[in-house]
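*Asks:* Starting off with a structure, shown below.
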Amino acid sequence: MKLAKEINEMNQFDFDMIPMWIADMDFESPPEIIDALSNRINKGVFSYTTISLSFGHTVSNWLNKRYNIKIDPSWINFSPGVMPGISNIIQAFSKMGEGVIIQPPVYYPFFSVVNNNHRVLVFNNLIETDGSYCIDFADLRAKAVASETKIMIICNPHNPVGRVWRRDELEEMGTICLENDVLMIVDEIHSDIFYKPFKHVSFMTMPEKIRNNSIVLMSPSKTFNLAGLQTSAVIISNERIRKIFCLQSEITKTNSINCLGELALETAYNHCEYYADELLDYLEINRQMIYDFISEQIPTIKAFNSEGTYLMWIDMRSTGISNDEIEVFMINNAKIAVDLGEWFGETGKGFIRLNFAFPRSILMKALFNIKHALDERMSGK
């Protein structure tokens, strides 16, 4: 009945193009953050800012109250975004021509950050299963043992396929990397967004030896819609690795924080936990709406099980639309901008990634657009 109500109401909206590609939300940030930033802006002074002592404590407290993870605040460093942090790590802990493992289909900036730093991409492709993906551990062992392989990058929850890695999966990846002296970079930017019965397991909860061979990056940007403020946390329990990272941040001059970004992070983590709870409830319904609509109305496509993130990995391969045609079809016929699966690697061909962090009326409009466009194509119109 709820789905039917949304279907009836969506006809009042008329959009020329629905932008469902980039991974931010079509929701306002919490009012506490807006008020805090407005008050700071009204002071009229925007001078140089150093990272405050409260930065590490704020992140540590969030992890403790949200996930019962106890992190020493001194382990926590700043980066102006997760990707700049990953770039610094690659520069500091590998040399030109050395290998970096990634797990396609995966967030496409991982490809460019490796290539642009003149390192070699090493693919540990995920194995497609029935509506989900798993890790090819045999292949990972074979790739990690090579002497020229120095780093592995993973994201948890995984973007774009939506897996929330289990503890045993994380520990096995960590063990393989530790045994082969491969440093793990763990992107946990979507860590607050997961759906029942799944639970996020931070890499900071791994056994000490594994944890000390890792760098974890996180940010409030996805949870609270703050991506443009470019404020992220880099968590490093190993003192030697932490010192090297801090030196690299000084070399690249990426260690000076934005005063508004730090204020937004602290306001989000200290005062807006309710928003994260309400967001998860809303997104979980959106997620189920997509599954229900696609299974009932568009059986030629398949939505993969999104255990986390607000991104849906959708298989278009049974539609008869070739990989080369998908972009034109989605833009010209369905009137939706999406991420193309091939951007995430060769194994993503024939897929699209759909952002579902939208008001439900817009989400239903998008789904109907896809259905209508596919129906017209099937009928030859």
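*Asks:* Which percent, to the nearest 5, of DSSP beta bridges fully inside the chain are antiparallel?
*Replies:* On the way: 19 of 37 bridges.
That works out to approximately 50 percent antiparallel.
*Asks:* Once label points are set 7 Å from the Cα along Cα→Cβ at both Glu346 and Asn212, what is their separation, rounded to one decimal in nm?
*Replies:* For the pair Glu346/Asn212, the computed spacing is 3.9 nm.
*Asks:* Using every Cα-Cα pair within the chain, state what percent have a distance larger than 36 Å. Could you put the intermediate results ahead of the total?
*Replies:* Numbers: 17913 of 72390 pairs.
The share of Cα pairs beyond 36 Å in the chain comes to 25 percent.
*Asks:* Straight distance only, please: which aspartates and glutamates reach the Cα of Lys95 with their own Cα at less than 12 Å, same-chain residues fewer than 8 apart left out?
*Replies:* Within the straight-line limit of under 12 Å, Lys95 reaches these aspartates and glutamates: Glu148.
*Asks:* Which of Lys253, Lys95, Lys70 ends up with the largest GNM mean-square fluctuation for the chain, with Cα atoms connected below 10 Å?
*Replies:* Per the Cα network of the chain with a 10 Å cutoff, Lys253 tops the list.
*Asks:* Please compute, over every Cα-Cα pair in region 46-272, the percentage with a separation greater than 22 angstrom. Write down the numbers at each step before the final one.
*Replies:* Working: 12460 of 25651 pairs.
The proportion of pairs with Cα distances above 22 Å equals 49 percent.
*Asks:* Hey, another quick one. For the chain, set up a GNM with springs between Cα atoms under 10 Å and report which of Thr254, Thr129, Thr205 has the largest fluctuation.
*Replies:* Thr129
*Asks:* Taking neighbour Cβ counts within 10 Å as the exposure measure, how do Cys177, Cys246 sort from fewest upward?
*Replies:* Working: Cys177 23, Cys246 17.
Sorted ascending by nearby Cβ count, the order is Cys246, Cys177.
*Asks:* Determine the gain in length on full extension of the stretch Arg317-Gln288; use 0.36 nm per residue of separation and subtract their C-alpha separation, reporting nm with one decimal.
*Replies:* Details: separation 29, 0.36 × 29 = 10.44 nm, distance 2.17 nm.
This chain segment gains 8.3 nm when fully extended.
*Asks:* Going 7 Å from the Cα of Arg166 toward and past its Cβ, which residues in region 306-323 have a backbone nitrogen under 18 Å from where you end up?
*Replies:* So the set is 306-308.
*Asks:* So for the chain, taking the charge dipole from beta-carbon charges (+1 Lys/Arg, -1 Asp/Glu), which of Leu170, Ile22, Val182 sits furthest toward the positive end?
*Replies:* Toward the positive end, the furthest listed residue is Val182.
*Asks:* Next question. Report, in debye and to the nearest 20, how large the dipole of region 46-272 comes out about its Cα centre when Lys and Arg carry +1 and Asp and Glu carry -1 on their Cβ. It would help to have the intermediate numbers written out before the result.
*Replies:* Working: 20 positive and 21 negative charges, 74 e Å.
It works out to roughly 360 debye.
*Asks:* Give me the lysines in straight-line cross-link reach of Lys43: C-alpha distance below 28 Å, same-chain residues under 8 apart excluded.
*Replies:* Lys222, Lys253
*Asks:* Any idea what the dipole of the chain comes to, in debye rounded to 20, about its Cα centre with Lys/Arg Cβ at +1 and Asp/Glu Cβ at -1?
*Replies:* Details: 35 positive and 47 negative charges, 121 e Å.
Dipole of the chain, to the nearest 20 debye: 580 debye.
*Asks:* Contour minus end-to-end for His118 and Ser379, with contour as 0.36 nm per residue of separation and end-to-end as the Cα-Cα distance?
*Replies:* Working: separation 261, 0.36 × 261 = 93.96 nm, distance 4.88 nm.
My answer for the length gained is 89.1 nm.
*Asks:* Among Leu374, Phe194, Val113, flag the residue with its Cα farthest along the positive direction of the charge dipole of the chain, charges on Cβ as +1 for Lys/Arg and -1 for Asp/Glu.
*Replies:* Positive-end residue among those listed: Val113.
*Asks:* Further, regarding this structure: Would you mind counting up the charge near Ser52? Only other residues with Cβ under 15 Å from its Cβ, with Lys and Arg at +1 and Asp and Glu at -1.
*Replies:* On the way: positive: Arg40; negative: Glu262, Glu266.
Local charge sum for Ser52: -1.
*Asks:* Please list, in chain and number order, the residues 5+ apart from Ala337 or on another chain whose amide H is under 5 Å from its amide H, with Hs placed from the backbone.
*Replies:* Amide H neighbours of Ala337: Ile18, Met20.
*Asks:* Given contacts defined as C-alpha pairs under 8 Å and at least six residues apart, what's the relative contact order of region 46-272, whole-number percent?
*Replies:* Values: 388 pairs, mean separation 56.6, N = 227.
Result for region 46-272 is 25 percent.
*Asks:* Right, here's the next one. Given a cut-off of under 8 Å on Cα pairs at least six residues apart, what relative contact order in percent is computed for the chain? If you can, show how the numbers build up before the last one.
*Replies:* Details: 678 pairs, mean separation 92.9, N = 381.
Relative contact order, the chain: 24 percent.
*Asks:* Let me ask something additional. Working out 0.36 nm times the residue gap between Leu280 and Ala337, then minus their Cα-Cα distance, what length gain in nm do you get to one decimal? Working shown, then result.
*Replies:* Values: separation 57, 0.36 × 57 = 20.52 nm, distance 2.39 nm.
Roughly 18.1 nm would be gained on extension.
*Asks:* While we're here: At a 10 Å Cβ-Cβ cut-off, how would you order Met206, Met83, fewest neighbours first?
*Replies:* On the way: Met206 24, Met83 19.
Listed from fewest to most nearby Cβ atoms, that is Met83, Met206.
*Asks:* Moving on to the next point. With the chain treated as a Gaussian network of Cα nodes joined by springs under 10 Å, which of Arg166, Arg211, Arg240 yields the largest mean-square fluctuation?
*Replies:* Per the Cα network of the chain with a 10 Å cutoff, Arg240 tops the list.
*Asks:* Loop sites only, by DSSP: take the chymotrypsin sites (Phe, Trp or Tyr not before Pro) in the chain that have at most 11 other C-beta atoms within 10 Å and name the longest stretch containing none of them.
*Replies:* Numbers: sites that count: Phe46, Tyr48.
Result for the longest clean stretch: 49-381.
*Asks:* Kindly provide the helix-only [θ] at 222 nm of the chain, computed as the sum of -39,500 (n - 2.57) over DSSP H runs of four or more divided by all residues, to the nearest 500 deg cm²/dmol? Could you put the intermediate results ahead of the total?
*Replies:* On the way: 13 runs with 154 residues, N = 381.
Computed ellipticity for the chain at 222 nm equals -12500 deg cm²/dmol.
*Asks:* Going Cα to Cα from Lys199, which aspartates and glutamates come in below 12 Å? Please leave out same-chain ones fewer than 8 positions away.
*Replies:* The qualifying aspartates and glutamates are Glu307.
All of the numbers you see were taken from the coordinates with simple rules; none came from a lab. Fair warning: this is a prediction, and the values are worked out from it, not measured in the lab. All Cβ positions, glycine included, derive from the backbone under ideal geometry; neighbour counts span all protein chains shown.
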